[in-house]
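The values are calculated or read from the model by the stated rules, or taken from the named source; none is laboratory data. Everything quoted here is computed from the prediction, not taken from an experiment. FYI the Cβ positions are ideal-geometry reconstructions off the backbone, even for glycines, and counts take in every protein chain you see. We work out accessible area using only protein heavy atoms, side chains counted, and drop any ligands, DNA or RNA first. Shrake-Rupley method; radii C 1.70, N 1.55, O 1.52, S 1.80 Å.
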Amino acid sequence: MLHPIRCVLQRSLHHGSCRRLSLSAQCYNTGRKGLVLGVYEKNKEEENLVLTQAGDRFDAIVSGKLRDQLTRSGPSLKKGKSRIFYGLNEEFPSVVVVGLGKESAGFNQHEVWNERKENIRTAVSVACRQLQDMEIEQVEVDPCGDAQAAAEGALLGLFEYDELKKKKKKLVSTRPYGSQEAEAWQKGVSYAEGQNLARYLMEAPANYMTPTKFAQIFEEQLGKLGGDVKVFTRSKQWIEEQQMGAFLSVAKGSDEPPVLLEIHYSGSPDPKEQPLVFVGKGVTFDSGGISIKPSSGMDAMRADMGGAATVSSAILTAATLKLPINLIGLAPLCENMPNGRANKPGDVVRAKNGKTIQVDNTDAEGRLLLADALCYAHGFNARAIVNAATLTGAMDVALGSAATGVFTNSSWLWTHLQEAGAVTGDRVWRMPLFEHYSKQVTESALADLNNVGKYSRSGGACTAAAFLKQFVTVPHWAHLDIAGVMSNKDEVPYMRKGMAGRPTRTLTEFADRLSKDKNPS
Ligand code: BES
Ligand code: ZN
Ligand code: ZN
């Protein structure tokens with residue numbers, strides 16, 4: 001059997017096939033080829049429709065037939081709506097023209113994102129999926145003036161987790177139409193492949209994606225990148241030696257052994273430069289433990305390792321792109337299950353830094369793993385520590401899937417995260433770290449801390465963040481609660497339904513920005 005991850009990466013490699021141009025040139029004329037072209041929304045007073053540069057070029061090749069047929073076949077195409085033309089040209093028997101929205105679109109300060117890039121991602125995604133449904137395997141894509149956004153739209157749009165099905169979606173290889181912007185296209189391919197890897201890991205069933213398997217996948221993938229990258233798969237015994245009592249207390253409720261995955265990427269020209277440390281919650285299945293969750297919808301808790309998946313995938317992408325930065329990734333991985341040794345409500349456990357925690361709700365397990373991982377992160381002389389976790393249902397109640405909630409003690413980090421989110425369209429929104437919430441987790445009958453807030457339901461995302469803060473002493477720390485953005489129904493139009501792999505691209509972009517800003521203030 002083909003190793004599933006090899007399969008998904010083969011697929012995505014295939015999608016970004018501009019690296020294999022010589023090879024694909026040989027087979028290019030044998031298969032059916034499709035072309036995706038963008039068109040801007042028409043202003044009322046304008047008579048002629050506005051094609052992109054690539055569209056104009058293609059229209060010239062087909063002696064104006066594209067413009068002619070597009071005008072005659074119906075009204076101006078609205079944003080994300082498409083029309084398909086057959087037989088315009090021998091090389092491309094099928095041409096999908098798709099609406100890009102207003103040509104004037106750019107940064108939208110109310111939405112805090114770049115609307116132009118979002119429009120391109122959506123349009124390209126729609127068109128590529130249409131050609132995939134027609135079983136067309138080779139698609140050339142209009143870069144639409146922003147080849148990175150176009151590549152992201154293509155690859156994110158085409159991804160589907162069908163590893164375990166007999167009937168699979170057709171593999172589609174995409175490349176930019178025309179020879180310009182190859183580098184930006186390739187950057188988009190890397191960004192999207194990173195997110196697709198996170199989607200793959202999150203979507204995979206928990207009986208496949210165990211802590212051990214998760215770590216193996218990163219050992220394999222990062223191992224290919226060579227010297228700048230080191231991977232350590234820390235065993236249960238190592239975790240015990242580190243006295244990570246909070247993490248271990250969760251893991252012992254399952255027969256599946258825990259792992260702490262530790263990734264080092266040294267990309268900075270100065271090997272002594274302080275690293276940026278990422279930490280990700282890696283609960284490969286969260287049943288709730290003894291405080292068991294309702295059975296309806298529990299299957300989604302296979303994605304409770306989304307923090308680990310997104311931070312590790314972002315580091316893989318950073319290493320692939322050879323970003324000039326030192327990065328460390330820490331992913332405490334385990335299952336939260338209710339066996340005879342599991343945490344019981346009221347149990348008291350001891351974290352690595354000696355603090356005791358009363359576990360009143362075994363379903364608030366993420367903060368226990370993270371407490372120990374954050375203590376460990378403090379040993380690396382980090383320039384900043386950023387953790388991501390599908391931590392609370394309350395985060396989903398607060399913001400839904402619009403943005404990741406960011407709790408941070410650093411305006412420097414906040415600015416970079418916000419700017420990164422605006423560029424990727426995978427946005428963040430700042431949340432409070434008031435003392436008000438800290439008081440609610442530092443009152444406990446039996447221990448130093450309680451793993452749930454005193455007024456359990458009120459401000460649940462904020463009390464969880466306040467709990468993590470008890471394990472942080474560095475001046476630049478951010479906690480990203482990604483529970484609300486874990487999955488996609490149809491809110492992000494350029495991805496199919498399923499686990500979203502958010503905010504992998506924002507973390508990558510954030511690392512890219514930090515590699516250019518060496519000054520933490
Ligand atoms: N993994 C869940 C949070 C979650 C919920 C993520 C929905 C994604 C979608 C977390 O471990 C959890 O169960 N949190 C509890 C905390 C509560 C017991 C204080 C929650 O949010 O209900
Ligand atoms: Zn839980
Ligand atoms: Zn959880």
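Counting only heavy atoms of the protein chains and using a 1.4 Å probe, Leu399 has close to 50 Å² of accessible surface. All distinct Cα pairs of the stretch 300-372 go into the 1/r average, and the inverse of that average, the Kirkwood radius, is 14.6 Å. Extension gain for Lys168-Asp68 works out to 32.3 nm (0.36 nm per residue, less the C-alpha to C-alpha distance). Distant-in-sequence amide contacts of Asn488, defined by a placed amide H-H separation under 5 Å and a gap of 5 or more residues or a different chain, comprise Gly498, Met499, Ala500.
If R0 is 35 Å, what FRET efficiency do you get for Glu111 and Thr212 from their C-beta distance, rounded to 0.05? Mind showing how you got there, number by number?
Details: r = 42 Å, r/R0 = 1.19.
That pair, Glu111 with Thr212, gives E of 0.25.
For the stretch 124-130, putting each phi into the Karplus relation 6.51 cos²θ - 1.76 cosθ + 1.60 with θ = phi - 60° gives couplings of 5, 4, 4, 5, 5, 5, 4 Hz, in residue order, rounded to whole numbers and with x for Gly and Pro. Rounded to the nearest Hz, the phi-derived 3J(HN,Hα) couplings of the stretch 84-95 under the Karplus curve 6.51 cos²θ - 1.76 cosθ + 1.60 (θ = phi - 60°) are 10, 10, 10, x, 5, 7, 5, 5, 10, x, 10, 10, where x marks glycine and proline.
Once you treat every alpha carbon in the stretch 113-266 as an equal point and sum by Debye, what is log10 I(q)/I(0) at q = 0.09 Å⁻¹? Here the Debye-derived log intensity ratios amount to -0.43.
List the residues of the stretch 160-176 whose backbone N lies under 19 Å from a point placed 7 Å from the Cα of Gln53 along the Cα-to-Cβ direction. Taking a point 7 Å out along Cα→Cβ of Gln53, the residues of the stretch 160-176 whose backbone N falls under 19 Å are 175-176. A convex hull fitted around the alpha carbon atoms of the stretch 141-231 yields 113 Å³ per residue. Label sites at Glu183 and Glu219, each approximated as a point 7 angstrom past Cα along Cα to Cβ, lie 3.7 nm apart. Summarised in one figure, the compactness ratio Rg/Rh of the stretch 39-149, Cα atoms and Kirkwood Rh, is 0.96. With respect to the chain, whose longest principal axis is taken over its alpha-carbon atoms, helix 460-469 is tilted by about 70°. Need the full-extension length gain, Glu491 to Val474, defined as separation in residues times 0.36 nm minus the C-alpha distance. One decimal, nm. 2.6 nm is the gain from fully extending Glu491 to Val474.
Residues of the stretch 284-299 falling in the label zone of Lys344, defined by backbone nitrogen less than 13 Å from a point 7 Å along Cα to beta-carbon, are 290-291. Once you have the Kirkwood Rh of the stretch 118-181 from its Cα pairs, apply Stokes-Einstein at 4 °C and 1.567 mPa s and quote D in µm²/s. After rounding, the answer is 108 µm²/s. Separation of the stretch 99-122 and the stretch 399-427, taken as the distance between their Cα centroids, equals 18 angstrom.
When every Cα-Cα distance of the stretch 238-345 is counted in 10 angstrom steps from zero, the calculated P(r) takes the values 15, 37, 28, 15, 5, 0 percent. Scaled against the 2.2 N^0.38 Å expected of a compact globular protein of N residues, the Cα radius of gyration of the stretch 268-413 reads 1.14. Across all directions, the average flat footprint of the convex hull enclosing the Cα atoms of the stretch 407-521 is 8.5 nm². Each Lys or Arg adds one and each Asp or Glu takes one away; over the other residues whose Cβ falls under 14 Å from the Cβ of Pro257, this sums to +1. Taking Cβ atoms as reference points and 15 Å as the exclusive limit, the residues near Ala403 contribute a net charge of -4, counting Lys and Arg as +1 and Asp and Glu as -1. In angstrom, the C-alpha Rg and Dmax of the chain are 23.9, 81.
Dimensions of the stretch 76-131 based on its C-alpha atoms, expressed as ranges along the principal axes with the largest first, amount to 44, 21, 16 Å. Computed from phi, the 3J(HN,Hα) profile of the stretch 253-269 under the Karplus parametrisation 6.51, -1.76, 1.60 (θ = phi - 60°) reads x, 10, 7, 7, x, x, 9, 10, 8, 10, 10, 10, 10, 10, x, 6, x Hz, with x in place of Gly and Pro. For the residue pairs Lys252/Lys469; Lys78/Lys170; Lys81/Lys213; Lys102/Lys165, alpha carbon separations beyond 31 Å are given by Lys81/Lys213; Lys102/Lys165. Applying Stokes-Einstein at 37 °C and 0.692 mPa s to the Kirkwood radius of the stretch 333-473, computed over alpha-carbon pairs, gives a translational diffusion coefficient of 205 µm² s⁻¹.
In debye, nearest 20: dipole of the chain around its Cα centre with unit charges on the Cβ of K, R (+) and D, E (-)? If you can, show how the numbers build up before the last one.
Working: 62 positive and 58 negative charges, 101 e Å.
Its charge dipole is roughly 480 debye.
What does the charge count near Pro205 come to, summing +1 for each Lys or Arg and -1 for each Asp or Glu among other residues with Cβ under 15 Å from its Cβ? Before the final figure, lay out each step's value.
Values: positive: Lys165, Arg199, Lys213, Arg302; negative: Asp162, Glu163, Glu203, Glu256, Asp286, Asp299, Asp304, Glu335.
Neighbour charge sum, excluding Pro205 itself: -4.
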